[in-house]
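The values are calculated or read from the model by the stated rules, or taken from the named source; none is laboratory data. Given the structure is predicted, the values throughout are model-derived calculations rather than measurements. When we count neighbours, we look across all protein chains shown, and the Cβ atoms used for this are built from the backbone with ideal geometry, even at glycine. Surface accessibility is based on the protein's heavy atoms, side chains included, excluding ligands, DNA and RNA. Shrake-Rupley method; radii C 1.70, N 1.55, O 1.52, S 1.80 Å.
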Amino acid sequence: MIHLAQDDLCRLLTGGSRKAHLIGVAGSGMSGLARLLAQRGHSVTGSDLTEEPDIETLKHSRIRRFRGHEAAHVTDPDFVCFSSAIPTDNPELQEASRRGIPAVRRARALAALIPPQKAIVVSGTHGKTTTSSMIAHILCVAGKRPSFFIGSSVPVLGTNAAIGAGEYFVVEADESDGSMNEFHPEDLIILNVEAEHLDFYPNLEAIERAFEEVARATAGRVIYCGDDAGAKRVGKKFKNAVEFGLSERCAWHAENIRGHEDRTGFDVVCEGKRLGRATLTVPGRHNVSNALAALAATIPHSVDFETAASALKTFQGANRRFQKLFEGGEFMVVDDYAHHPSEVKATIEAARQKGRRRVIAVFQPHRYSRTKALHKEFARAFDGADRVLITDVYAASETPIAGVDGNLIAASITKGTDAERVMYEPDLWRLKERVGSEMKPGDLVLVMGAGNVYQVSRQLAAELRVYEDLKKIVSSKTVLKRYEPMAKRTSMRVGGFAKLWVEPATEKDLAAVLRYCSEGKEAGTPLEQKARKVTFVGRGSNLLVRDAGISGVTIHLGNFNKIEAHGDRLHVQAGVRLKQIAMTAKKESIAGLEFIEGIPGSLGGALWMNAGAMGGAIFDVVEKVRLMDMKGEVFEKKPSELDVKYRSCKGLVGKVALSAVLRGKPGKAEEIAATLHQYEKKRWGSQPAAASAGCIFKNPTTVPAGKLIDELGLKGTHFGKARVSDVHGNFIVNDGGASASDVLNLITIVKDRVRKERGIELETEVIVMGDESW
């Protein structure tokens, strides 16, 4: 592989427009570099495996992006750029080597873009993104027009990287791979130096030497944190050093620190002189320290204190740095990049400042090597959390290490505390379900990690936004519940959570919910769209909800429970139980509706699938149906207009039945009672008493499904805790503790056997709904 020296690359980039190809371009660091190159007038292409959050901004920067890594993506660039996350056997790197195209690491390319500006380099084990963001924001507010490169998007700056026309270039330097020595700072900020990235460095001493090397290359000041032992050991070796920190012995320090929920105020003192009071809207004492570093870096460069303090007051933080994704009266969800014990501890302390009832800490360890080296330190870092939920390690291209997983940290925590306070769940989405179901009003959920755990916080936030929105548009009598267990809402007694359960009190409330969900169906992010998806559930008698539960808004018309008799007609709302219809018909001496007693569930569900029993089907007696569409509009339809067929009613797709008029005929109460008794006796004599979802399969035209299953000797067949009933072959029962997966696997076993033995393709009659995966 051909490598370009930094000086050669600098000359190349200043000698006219060049073509650059970036491998791993969707990551926050590489996407920032891509934008800088494009803004300097260079032509940029890139490739990546995944759709990271920054990918949309690349499109706006006219950067051509390829999905995946293939040799064909390397067309005719002047050089190829790659990050440390890219392995040496990457096909695009290999293609560049084969064709003699120079390859450079990200840090070298970034360093080559800095001249003729002066670099203010922010370094440290953690806190770099926030501090570099603060510095860039202060310089922008002061009219200094800096260039900047930051490791995450910063809302107040509008991006994470941009070229400015000013004197300074603010750079967040990455020490993880030894490439920090590419920079030659005007000023260097050292926030902290701790044992980190031990997959690359052999020990802490080697890490300190890396920081010392950059400090020796610094033309101006080495600004170091005197509260951090490692930073102090490095910084005090240099004559051009300036010390900052919370301790009064530091040249730049804070006094009278007062923190309350969204504000932290402090007095800034420099060399014994009180400059004034500053206020932060980002919480935590660690951010006071970061702000001191930013002030020490900018005020000596002709920025007055009042301007700098004003900028700090409007600073809202960087993405994934104590980022409030949701804040409402009941809940708060915060997302943070913390992946080192010191970061975790400081972030939990900042969460405590919010004054919420509980802090629920959710953590995804990052890298096996870090987890192995620091699991005991991680355990102590969670002392400030009321509840700790830990998932498995995000590998970040590392090879797994035997015996190292998220449980290593969880087990270390439980050694010194109540075991019920801590939970380990290796599956990220099952963890999210657990968090969502455990949240109580007053909780702050703090999601931390440098991997893909941010997906959990964003999904929770999207769900909570819908929950809070619906609270505002429905009456107080409408029931709203989060994470309602569908196992208690279905006769099979299985299924995951309905993320948002709604029982509208009135048609007006129902219409408001449907309009809200319909209007937002195409708006917002895919997660927000998912959170507004509508599902209707009746009494759950012919329903199988998957273990992953139901995303979005699940509507149950349990309050629509009125029934009135008008001659030989019954006017029935959708939430009325079918058994109640039969009993009311008997009371009013209306015959012809007795078969309904044999159908479990409510009228709405029966209409949806044209449910039947004892030789009759619900639409045999329906005169008209009152409907509402997804925009809240109400209208009526006759059965002939609804495309009614065996066990289906296609005319109800995209609509909900509000009520129906059922047509009977005059009859005698004693005869109706006798028929009901006959049907009831037949039903209980042929159907199992155990928990089930009714008939699982539709009857084929040639033979009843139950008889077919019985003839093949499949009664008693089981998978997990699910079993084909010994009483009726078309029933699958829950023997206690069955999962939806158990039932679905058993359905597949029965269908495969019937297909193989009889050549018949069984169709499920039971409605299967919910998310197919976690």
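Scoring 382-393, 525-536 by mean Cβ neighbours within 10 Å over their residues and listing the highest first yields 382-393, 525-536.
Past 19 Å, Cα to Cα, is the threshold; run LYS579/LYS681; LYS682/LYS707; LYS533/LYS637; LYS477/LYS631; LYS579/LYS645 against it and keep the listed order. Where the Cα-Cα span goes over 19 Å, the pairs concerned are LYS533/LYS637; LYS477/LYS631; LYS579/LYS645.
Counting alpha carbon pairs within less than 8 Å and at least 6 residues apart, what relative contact order, in whole percent, applies to region 98-215?
In percent, rounded to a whole number, it is 31.
Each part reduced to its alpha carbon centroid, region 468-508 and region 191-207 end up 50 Å apart.
Dipole of the chain (Lys/Arg Cβ +1, Asp/Glu Cβ -1, origin at the Cα centre): which of CYS270, ALA611, GLY16 lies farthest to the positive side? With unit charges placed on the Cβ atoms, the residue in question is ALA611.
Expressed to the nearest 5 percent, the antiparallel share of DSSP beta bridges inside the chain is 50 percent.
Pull out a ≥ b ≥ c, the square roots of the eigenvalues of the alpha-carbon gyration tensor of region 476-546, then state rounded if a/c is under 1.5, prolate if not and a/b is larger than b/c, and oblate in the remaining case. Oblate.
DSSP beta bridges confined to region 280-421 are antiparallel in about 45 percent of cases. Return the ratio Rg/(2.2 N^0.38 Å) for the chain, where Rg is computed over Cα atoms only. Normalised Rg, Cα atoms only: 1.18. In this structure ARG249 has an accessible area near 130 Å², from a 1.4 Å probe over the protein heavy atoms.
Selection among GLY706, ALA673, VAL661 by position relative to the dipole of region 661-713 gives VAL661 as farthest towards the positive end (Cβ unit charges, Cα centre).
In loop segments of region 198-244 as defined by DSSP, the trypsin sites (Lys or Arg not before Pro) with at most 10 further C-beta atoms inside 10 Å of their C-beta are LYS239. Phi angles across region 243-256 convert, under the Karplus curve 6.51 cos²θ - 1.76 cosθ + 1.60 with θ = phi - 60°, into 3J(HN,Hα) values of 9, 10, x, 7, 6, 5, 6, 6, 4, 9, 8, 10, 10, 6 Hz, Gly and Pro given as x.
When peptides 127-139, 475-487, 293-305 are sorted by average Cβ neighbour count within 10 Å, with the highest value leading, the order is 127-139, 293-305, 475-487. What is the distance in Å between the Cα centroid of region 704-735 and that of region 122-190? Between the Cα centre of region 704-735 and that of region 122-190, the gap is 66 Å.
Classified by the C-alpha gyration tensor, region 559-626 has a rounded form. Its axis ratio a/c, with a ≥ b ≥ c, is below 1.5. If you take the Cα centroid of region 556-605 and the Cα centroid of region 443-460, the two points sit 47 Å apart. Working from label points 7 Å from Cα in the Cα-to-Cβ sense, the SER640 to ARG274 distance is 9.0 nm.
Proximity of backbone amide H atoms, modeled 1.01 Å from N, is registered between ALA693 and ILE732 at under 5 Å, excluding neighbours fewer than 5 places apart on the same chain. For the chain, the longest principal axis of the Cα atoms and the long axis of helix 28-39 meet at an angle of about 60 degrees. For TRP608, the solvent-accessible surface with a 1.4 Å probe is about 110 Å², rounded to the nearest 10. Taking the Cβ-Cβ separation of VAL661 and ASP710 as r and a Förster radius of 41 Å, what is the calculated FRET efficiency to the nearest 0.05? Rounded to the nearest 0.05, the efficiency is 0.55. Using a probe radius of 1.4 angstrom, the carbon and sulfur fraction of the accessible surface of the chain is 48%. The amide H of GLU636, built 1.01 Å from its N in the peptide plane, has LEU627 as neighbours under 5 Å, considering only residues 5 or more places off or on other chains. Annotation: amide H-H contacts under 5 Å for ARG358 (H modelled 1.01 Å from N, sequence separation of 5 or more, or interchain): ASP443, LEU444.
Once you charge only the Cβ atoms, +1 for Lys and Arg and -1 for Asp and Glu, what is the size of the charge dipole of region 422-578 about its Cα centre, to the nearest 20 debye?
Working: 26 positive and 18 negative charges, 42 e Å.
So the dipole magnitude of region 422-578 works out to roughly 200 debye.
Can you order the peptides 329-341, 687-699, 706-718 by their average number of other Cβ atoms within 10 Å per residue, highest first?
Going by the mean number of other Cβ atoms within 10 Å, highest first, we get 329-341, 687-699, 706-718.
Net charge dipole, the chain: roughly 1640 debye, given to the nearest 20, about the Cα centre with Cβ charges of +1 for Lys and Arg and -1 for Asp and Glu. If only the Cβ of Lys and Arg carry +1 and only the Cβ of Asp and Glu carry -1, the dipole of region 708-768 around its Cα centre is close to 160 debye.
Summing -39500 (n - 2.57) over the DSSP H runs of n ≥ 4 in the chain and dividing by its residue number, what mean residue ellipticity at 222 nm do you reach, to the nearest 500 deg cm²/dmol?
Calculated mean residue ellipticity at 222 nm is -9500 deg cm²/dmol.
Across the chain, C-alpha contacts under 8 Å between residues 6 or more apart give a mean separation that, scaled by the residue count, equals a relative contact order of 7 percent.
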